[in-house]
Structure formats: structure tokens, C-alpha cells
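Take this structure first; my questions come after.
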Amino acid sequence: MNDLKNETSHSVLAMLFNRAKQTAQLMCGLPDYDAYVAHVKMKHPDQAVPSYERFFRERQEARYGRGMSRCC
Amino acid sequence: MTVAQKGLWAGVSVLGASAMAVLALSRGETVNAAWMVIAASCVFALGYRFYSRFIADKVLELDATRPTPAVRINDGLDYVPTNTFVLFGHHFAAIAGAGPLIGPVLAAQMGYLPGIIWILAGAVFAGCVQDFVVLVLSTRRGGDSLGKMIKDELGREAGAFALVGLLAIMIILLAVLGLVVVKALANSPWGTFTVAMTIPIAVLMGVYMRFIRPGKIGEASVIGLVLLFAALSGGASVAADPVWSMWFTLTGPQLAWALIVYGFVAAVLPVWLVLAPRDYLSTFLKVGTIALLAIGIVFTLPELHMPAVTKFIDGSGPVWSGNLFPFLFITIACGAVSGFHALIASGTTPKMIEKETDARVLGYGAMVVESFVAVMALTAACALDPSVYFALNSPAAAIGVDVESAATAISSWGFVVTPDTLAQVARDVGETSILSRTGGAPTLAVGIAQILADFIGGNALMAFWYHFAILFEALFILTTLDAGTRVARFMIQDVLGSISAPLGRTTSLVGNILATGLCVAGWGWFLYQGVVDPFGGINTLWPLFGISNQMLAAIALTLATVLLVKTGKARYVLVTLAPLVWLLICTLTAAAQKIWHADPAIGFLAHAQMLAKAVAEERVMAPAKSLEQMQRLIFNDQIDAALCALFAVVVIAVAGFGLRTALRAHSGLATAEVARA
């Protein structure tokens with residue numbers, strides 16, 4: 001019983017941490033890499049999954065390449 | 001709604017009204033900032049609960065089952081269904097900038113009451129509505145940008161006008177933000193050193209994330225933040241050292257040139273080297289500082305020393321000239337209603353919304369939080385002793401250049417102060433002088449330093465917090481300068497491309513350098529004129545910026561109004577039409593007064609005429625030092641007047657195209673109804 005409770009609170013914490021990390025990354029224009037990998041595997045099974053490094057570079061260029069509408 | 005809920009909301013209404021009454025009715029004694037926080041919380045809670053729900057349910061008819069672009073397209077990159085909280089963070093980080101921190105500080109010269117009323121009313125009925133409606137419209141059009149929606153819905157000509165307006169706004173925005181940095185760093189070796197250090201720190205982070213640990217934003221940001229704090233404390237030693245401090249003590253014009261060169265170089269370098277890493281730093285620092293300030297205000301609850309209303313509502317204030325109407329309403333743009341948000345709300349956020357109903361908290365909700373930031377900035381400025389506030393914000397032309405003349409001038413306005421007090425405040429924050437540090441950032445920094453020092457560290461940390469606040473503002477202003485120059489560069493290249501196709505190619509080095517150079521020359525010109533302007537520059541540039549930002553909001557609300565009519569929602573048209581009309585009245589009155597007002601302190605042409613008359617009599621008017629200088633001031637006035645006229649023409653044109661489209665759609669719908677009958 002106690003174990004189960006620990007387990008649940010642990011997973012809640014893990015989820016909160018994950019959310020916070022995703023939020024911080026998306027504030028910098030970086031969407032979730034795991035979700036992207038899952039997407040490529042499901043929708044384009046014939047294609048190789050880009051590495052995190054390639055994904056990161058592509059997203060960085062996409063966000064800043066043409067400048068970014070940043071508020072005043 | 002249950003009885004308990006009704007009771008709760010009735011209680012919130014009564015509490016909010018009481019807090020507003022305390023703020024409005026207090027005369028002659030200080031009011032606690034708690035009333036400001038309570039009034040804002042209640043008004044925003046009511047606005048969100050009732051007005052945004054009305055807009056969501058009745059006006060926009062949000063439907064959780066209607067597939068959003070993120071769900072339909074879902075490419076894992078741009079279009080990704082995203083958790084509401086995560087997306088809220090993204091959206092808020094994108095809309096929060098320097099604007100809501102500066103406008104309210106400048107508006108404080110009329111007292112805290114006009115500012116707080118406009119922030120609350122403007123946000124609830126205009127700003128939040130604009131963000132919310134544009135976000136939904138863009139989501140329903142596959143995440144289209146504001147420019148594309150205007151072109152598609154109002155026609156190509158309207159799109160062209162909007163584009164010209166947008167380019168002009170970018171130029172003036174970059175100039176005014178650059179001016180804020182120059183004013184904050186002039187003759188401040190501590191501040192200049194710290195801000196200069198952000199460049200090598202960003203480069204180091206950029207290299208780290210590119211080659212050493214690719215893509216590790218978190219690690220690089222922690223390293224960057226540690227180095228940033230090291231630079232911040234190192235700045236104190238630099239300022240204390242006779243040799244080093246000389247290297248980092250720069251005058252206004254020197255700093256202006258440094259920014260111009262920096263802006264050009266940074267905008268042509270690859271994004272991973274400077275722009276991206278500094279954006280990560282400034283984003284985290286921004287969100288962290290806003291949270292820290294909110295906690296600081298709630299824990300220390302400072303007294304507001306600024307009167308509710310000062311005598312400067314008659315337009316005679318030293319910070320900016322002009323009457324409460326229309327100038328208060330353009331001085332506070334961001335925080336009440338900001339046209340720039342329409343670009344963000346039609347940018348990346350609509351491509352990531354999971355359910356249409358999420359748009360309420362993202363559009364309306366995020367703007368509520370941004371308005372809270374504006375309320376905090378107003379609180380920090382009004383918590384200062386008014387004499388210190390006016391010493392910081394009045395140009396040298398009004399208070400002179402030493403503490404004696406400043407104390408005499410400010411005391412004569414009714415805010416009695418001794419020269420020693422002004423000198424002591426400068427020593428407390430680790431500067432040689434606080435006089436005429438216009439532009440809002442230093443005022444906010446002193447306010448933040450007082451609040452945070454009260455909260456953590458006491459007087460010993462005052463100078464540290466002051467320079468921390470300067471760094472935090474300068475950091476994201478520099479990011480905006482760099483990113484904005486790039487945005488404007490591509491706009492200019494689009495135009496160049498229609499003249500000579502090779503120059504329009506984004507890979508063309510010549511085209512790149514030419515377009516970037518044109519853009520930097522544009523904002524650099526206004527920046528330099530602002531720096532050498534004896535009236536401080538903010539006086540001239542901030543109203544221009546306010547007018548342009550509200551003009552953009554008017555364009556966005558025109559689009560929203562037309563689309564409400566087109567989709568058969570004409571009975572709810574006041575939701576967007578009322579704020580639109582108000583913004584048109586404010587911006588057009590302000591533009592007309594800036595051009596034609598007979599008072600040379602307000603009207604550009606009257607000012608030019610006054611100078612021209614003196615030139616004809618070969619009389620040099622202080623603070624100009626030669627007839628040649630006066631000729632240049634006349635030319636500046638004419639340029640500023642022309643820019644005002646351009647903004648007015650753009651907004652009238654787009655509103656006209658909007659009216660045409662709305663009338664056509666309305667009669668079309670009416671005909672269709674008759675045919676059906």
C-alpha cells in the first residue's frame with residue numbers, strides 16, 4: 001500500500017518535472033524530441049529518425065533564421 | 001452557477017470595487033501597494049471569468065471537437081498538439097518583453113491612478129480581447145500570420161499598407177529600445193561591463209551547444225547564468241578600479257555607435273553563435289525576475305509615495321509632454337493593449353493548440369499575466385520617492401546637470417528634496433549620478449532594487465539588485481534588437497527582390513548586407529538623434545512608438561471586426577469594434593497633436609517653426625550650440641512629423657478597407673437571407 005503510494009507520488013513528480021522541462025524548452029522554441037521521434041516512427045516508418053543534434057539544429061534555425069517576432 | 005459561486009463572485013466584485021475606491025479616493029497620504037494588487041487581482045479575475053467566457057461561448061463559439069491545425073497537420077515540428085500549461089509558458093515568454101515594464105513607469109508622472117485605471121480597463125476590454133480573438137482566428141485559418149489574414153480577408157492593398165506600417169514600427173521599436181539601453185548604461189561602468197560580458201558569455205554557450213554538448217540547452221543556460229552573476233559581481237570591482245572603469249565609462253553617443261555596430265554584426269552572424277544562446281538566457285532570466293518581483297512586492301507590500309494624481313495631468317510634465325488624453329493611452333501600450341501581440345498570437349502558438357477551447361487561457365489569460373507585470377512596474381515606480389522618480393526621468397533641459405539644480409527644480413514642482421538625498425540614492429545603487437536616466441529602465445531598476453533589497457539582503461545588496469535589474473532589461477532588449485533587425489532585414493529583402501531579383505535571394509551575401517545595413521541605418525538614425533536630443537529623446541521617440549504599437553492593435557482589431565461581420569456575428573461586433581474605435585480615437589488624436597499642436601513641446605511642426613524663426617534671426621537657442629545644429633533639429637522634427645503622418649495614413653487606410661469589406665459582407669449576408677426567405 002505504502003509502496004504504491006510512493007510509486008504514484010514519484011510518477012506525479014516525474015510528470016511535473018517533465019512538464020517543467022518541456023515548458024522551459026518550448027520557451028526557447030524547442031518542441032519535445034521524444035514526441036517527434038514517436039511521430040516519425042509512426043507516420044514515416046520508412047525514414048531514418050533524425051538524431052537529437054540534427055533535430056536541435058533544424059529547430060534553432062527554424063526559430064531564429066528569419067528573425068523572431070519578439071514582443072517589445 | 002450555484003449560490004455559493006454567486007456569493008464568491010459578488011464578494012470578489014465588492015472587494016475589487018473597495019480597493020479601487022481606496023486607490024481613487026486617497027488624497028495627501030500614502031496608499032499601500034496591497035490595494036493595487038487587490039484591485040488588479042479582482043478586476044482580472046472578473047474579466048477572465050465572465051468576459052472571456054462570454055467571448056468564448058457566444059462570440060467565437062469555441063468548440064473543443066473542431067480539429068485544430070496541430071491535430072490535423074501534426075508534423076512533429078511546427079504543428080504539435082501541446083499541453084495547455086506548456087504552451088502557456090511558451091506563449092507568455094513570447095509576449096512578455098520590455099514594453100510593459102517601461103510604459104507604466106513613464107506614465108507614473110501623472111500619478112498612479114490614471115495608469116492603473118487604463119491598464120486594467122485596457123487589458124480587460126482591449127488587450128486581452130485582441131490577443132484572444134486573433135489567436136482563435138489564426139487557429140481557424142491553419143495558423144496563418146496576421147499579414148496573410150489581412151491580405152486574404154481585406155485585400156492586397158490593405159496587406160501592402162499593413163506591411164509598410166509593420167516595417168516602420170520595427171524601425172521605431174528598435175530605436176526606442178536601443179535608447180533605453182543607452183540611457184541606462186551611459187557613464188555606468190558597472191552596467192556597461194556586465195552587459196558587454198553577455199556577448200562573450202553567449203558565444204561561449206553557443207559554441208558549447210553546437211560542438212561540445214550539442215543541443216544541451218539546460219546545461220549551457222546554467223553555465224551562462226553562473227557566468228552572468230560572476231560578471232555582475234565583477235562589475236562592482238571594474239567600477240571601483242580607476243583604469244578598468246575608464247574603459248567601460250562610455251558617453252551616450254559612444255554607446256549608440258557601439259549598439260549600431262553590434263546590431264549589424266549580430267544580425268549577419270549565424271543564429272547559433274549569439275542570438276539563440278542569448279535568447280535562452282534572457283528568457284529564463286526574464287521569467288525568473290518577473291516571478292521574483294511578484295514575490296517581492298507581495299512580501300514587502302511597499303507604500304506608494306507617488307500621489308494618486310499629480311499636477312502634470314495638464315500636459316506640463318517633464319517626462320513626456322501632452323495631456324492625459326490622448327497621451328496616457330499611448331504611453332502605456334504594452335500592458336494595456338499591444339499590437340505586437342497580434343503577431344505572436346498569429347505566430348507559432350496557434351500551430352500548437354490542442355483544443356480550440358484552450359485559446360481562452362492562452363489568449364486572454366496570458367495577456368492578463370502580462371498586464372500584471374505592467375501593474376508591478378507601475379507599483380515599483382510609484383513606491384519610489386516622487387523626487388527620486390523625477391530626478392531619474394526628467395531631461396537635463398528641465399533639471400540641469402548637477403544635484404543642486406535638480407533638487408531646486410524638483411522642489412519647485414512640490415516634491416521637496418535636498419541635493420544630498422539625490423546624491424545618496426546614486427551612491428546606494430553604485431552609480432555616480434541618477435539624474436536624467438530617462439527611458440524607464442533605471443527607474444524600474446531603482447524600484448526593483450528597493451523592493452528586492454527590502455526582501456533579500458537589505459541596503460548592502462541595493463547596488464547589486466540595481467545592476468541586476470539593468471542587466472535583465474538590457475539582456476532582452478539586445479535580443480530584441482538582434483532578432484528584430486533580422487525580421488526587418490527579410491522584409492527589406494522582399495522589397496529589394498522586386499527591384500533586383502538576385503538581391504531578394506536570402507542566400508545572397510550582398511543582399512543580406514545591404515538589407516541589414518539599411519535596417520540598422522534606419523533605427524540607428526533615430527537612436528542617435530534620440531541620444532543627442534537635449535530633451536532626452538524618450539520624449540520624442542516613446543510617443544512615436546506608442547502610436548505605432550496601438551496602430552498595429554487597431555489593424556488587428558479591424559481584421560477581427562470584419563471577420564465577426566463576415567461570419568454572421570454582427571450582433572456581437574462591439575466586442576472588437578468598441579476597443580477599435582477607442583484606439584482609432586487615441587492614435588489619430590495623438591498623431592495629429594504630435595504633428596500640428598501649437599505648443600512646441602508637443603507639436604513637431606511648431607517646434608521646427610520655432611527653431612526656424614530663431615535661425616532666420618541668426619539666434620542660437622539653448623541647448624543647441626550652433627545654427628547648423630539647429631538646422632539639424634529642424635530636419636529631425638520634419639522626419640518625426642512625416643513618420644507620424646505615415647502611421648496615421650496606414651491606420652486610416654486599413655480601417656477604410658476593413659469598413660468596405662464589412663459593408664460588402666453585411667449586404668451580402670442580408671441578400672442571402674432575403675434569397676433564402
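The values are calculated or read from the model by the stated rules, or taken from the named source; none is laboratory data. Computed from a predicted model, the values in this text were never measured in an experiment. Cβ: placed from backbone, ideal geometry, glycine included. Neighbour counts: every protein chain shown. Please note that ligands, DNA and RNA were not included when accessible areas were found on the heavy atoms of the full protein model with its side chains. Shrake-Rupley method; radii C 1.70, N 1.55, O 1.52, S 1.80 Å.
Residue by residue through the range B:1-21, note down the ones that are more than 17 Å from residue B:118 (Cα to Cα) and aliphatic (A, V, I, L, M). Before you say what the answer is, go through the steps one by one.
The first filter runs over the range B:1-21 and keeps only residues more than 17 Å from residue B:118 (Cα to Cα), leaving B:1-15, B:18.
Once the filter is applied, which keeps residues that are more than 17 Å from residue B:118 (Cα to Cα) and aliphatic (A, V, I, L, M), the range B:1-21 yields B:1, B:3, B:4, B:8, B:10, B:12, B:14, B:15.
Continuing with this model, one more query. Can you pull out the residues in the range B:593-617 that are open to solvent by 30 Å² or more (accessible area, probe 1.4 Å) and farther than 20 Å from residue B:628 by Cα? Give the derivation first.
Initial filter on the range B:593-617 (open to solvent by 30 Å² or more (accessible area, probe 1.4 Å)): B:593, B:596-601, B:605, B:607, B:609-610, B:612-613, B:616-617.
Correct list: B:593, B:596, B:597, B:598, B:599, B:601.
When the residues of the range A:32-49 are narrowed to those that are closer than 17 Å to residue B:217 by Cβ and more than 8 Å from chain B (Cβ to nearest Cβ), which ends up farthest from the chain's Cα centre (by Cα)? It would help to see each step written out before you state the result.
Step one: list which residues in the range A:32-49 are closer than 17 Å to residue B:217 by Cβ, which gives A:32-36.
So of that shortlist, the ones also more than 8 Å from chain B (Cβ to nearest Cβ) come out as A:33-34.
Working: A:33: 4, A:34: 6 Å.
So, considering only residues that are closer than 17 Å to residue B:217 by Cβ and more than 8 Å from chain B (Cβ to nearest Cβ), the one farthest from the chain's Cα centre (by Cα) is A:34.
Taking the residues in the range B:91-113 that are modelled with pLDDT of 95 or more, in contact with a Ser or Thr (Cβ under 7 Å, 6 or more places away or on another chain) and in a helix (DSSP H, G or I) as candidates, determine which candidate is farthest from residue B:35 (Cα to Cα).
Ranking the candidates gives B:91 first.
Here is a follow-up. Which condition breaks for residue B:71 when tested against (1) within 14 Å of chain A (Cβ to nearest Cβ); (2) in contact with a Ser or Thr (Cβ under 8 Å, 6 or more places away or on another chain); (3) hydrophobic (A, V, I, L, M, F, W, C)?
Result: residue B:71 passes all but (2).
Could you please let me know if residue B:589 is polar (S, T, N, Q) and modelled with pLDDT of 95 or more? Break it down stepwise before answering.
Details: polar (S, T, N, Q): yes; modelled with pLDDT of 95 or more: yes.
Yes: the conditions hold for residue B:589.
Restricted to the range B:245-271, and to residues that are modelled with pLDDT under 95, open to solvent by 20 Å² or more (accessible area, probe 1.4 Å) and outside any helix (DSSP H, G or I), which residue is farthest from the other protein chains (Cβ to nearest Cβ)?
B:269
For a quick check of your reading: which helices (runs of 4 or more DSSP H) sit entirely within the range B:408-512 and have at least 1 residues that are open to solvent by 10 Å² or more (accessible area, probe 1.4 Å) and within 16 Å of residue B:289 (Cα to Cα)? I'd like the intermediate steps shown before the answer.
Details: elements: B:419-428, B:441-455, B:462-499, B:501-504.
So the answer is B:441-455, B:462-499.
Sticking with this structure for a sec: Which residue out of B:97, B:76, B:47, B:16 is out of contact with any His (no Cβ under 6 Å at 6 or more places or on another chain), farther than 27 Å from residue B:574 by Cβ, crowded, with 17+ Cβ neighbours inside 10 Å and among the small types (Gly, Ala, Ser)? Reasoning before the result, please.
Numbers: B:76 fails: out of contact with any His (no Cβ under 6 Å at 6 or more places or on another chain); B:47 fails: farther than 27 Å from residue B:574 by Cβ; B:16 fails: farther than 27 Å from residue B:574 by Cβ.
Exactly one of B:97, B:76, B:47, B:16 is out of contact with any His (no Cβ under 6 Å at 6 or more places or on another chain), farther than 27 Å from residue B:574 by Cβ, crowded, with 17+ Cβ neighbours inside 10 Å and among the small types (Gly, Ala, Ser), namely B:97.
In addition: Do we find a residue being surrounded by fewer than 16 Cβ atoms within 10 Å (Cβ to Cβ), in a loop (DSSP other than H, G, I, E, B) and either over 24 Å from the mean Cα position of the chain (by Cα) or not basic (Lys, Arg) (or both) anywhere in the range B:584-592?
Step one: filter the range B:584-592 for residues surrounded by fewer than 16 Cβ atoms within 10 Å (Cβ to Cβ), giving B:585, B:592.
Okay, now just the ones that are also in a loop (DSSP other than H, G, I, E, B), so none.
Looking through the range B:584-592, none of the residues is surrounded by fewer than 16 Cβ atoms within 10 Å (Cβ to Cβ), in a loop (DSSP other than H, G, I, E, B) and either over 24 Å from the mean Cα position of the chain (by Cα) or not basic (Lys, Arg) (or both).
Restricting to helices (runs of 4 or more DSSP H) lying wholly in the range B:145-220: which have 1 or more residues that are of a type outside the set (A, V, I, L, M), within 14 Å of chain A (Cβ to nearest Cβ) and buried (at least 24 other Cβ atoms within 10 Å of the Cβ)? Let's see the steps before the verdict.
Numbers: elements: B:146-154, B:156-185, B:189-207.
Output list reads B:156-185, B:189-207.
Of everything in the range A:50-67, what is facing chain B (nearest Cβ under 8 Å) and without any contact (Cβ under 8 Å) to a residue 12 or more places away in the chain? Give them in sequence order. Lay out the reasoning, then the answer.
Step one: filter the range A:50-67 for residues facing chain B (nearest Cβ under 8 Å), giving A:52-53, A:55-67.
Selection gives A:53, A:57, A:58, A:61, A:65, A:66, A:67.
Scanning for something closer than 30 Å to residue B:89 by Cβ and under 21 Å from the mean Cα position of the chain (by Cα), does the range B:294-314 turn up at least one residue?
In the first step, residues of the range B:294-314 are kept if they are closer than 30 Å to residue B:89 by Cβ; the result is B:294-302.
If we keep only those that are under 21 Å from the mean Cα position of the chain (by Cα) as well, we get B:294.
Yes - at least one qualifying residue is present in the range B:294-314.
What is the residue count in the range A:5-31 for residues that are more than 8 Å from every other protein chain (Cβ to nearest Cβ) and open to solvent by 70 Å² or more (accessible area, probe 1.4 Å)? Working first, answer last.
Filtering the range A:5-31 down to residues more than 8 Å from every other protein chain (Cβ to nearest Cβ) leaves A:5-18, A:20.
Still in the running and open to solvent by 70 Å² or more (accessible area, probe 1.4 Å): A:5-8, A:10, A:12-13, A:15-18.
The total comes to 11.
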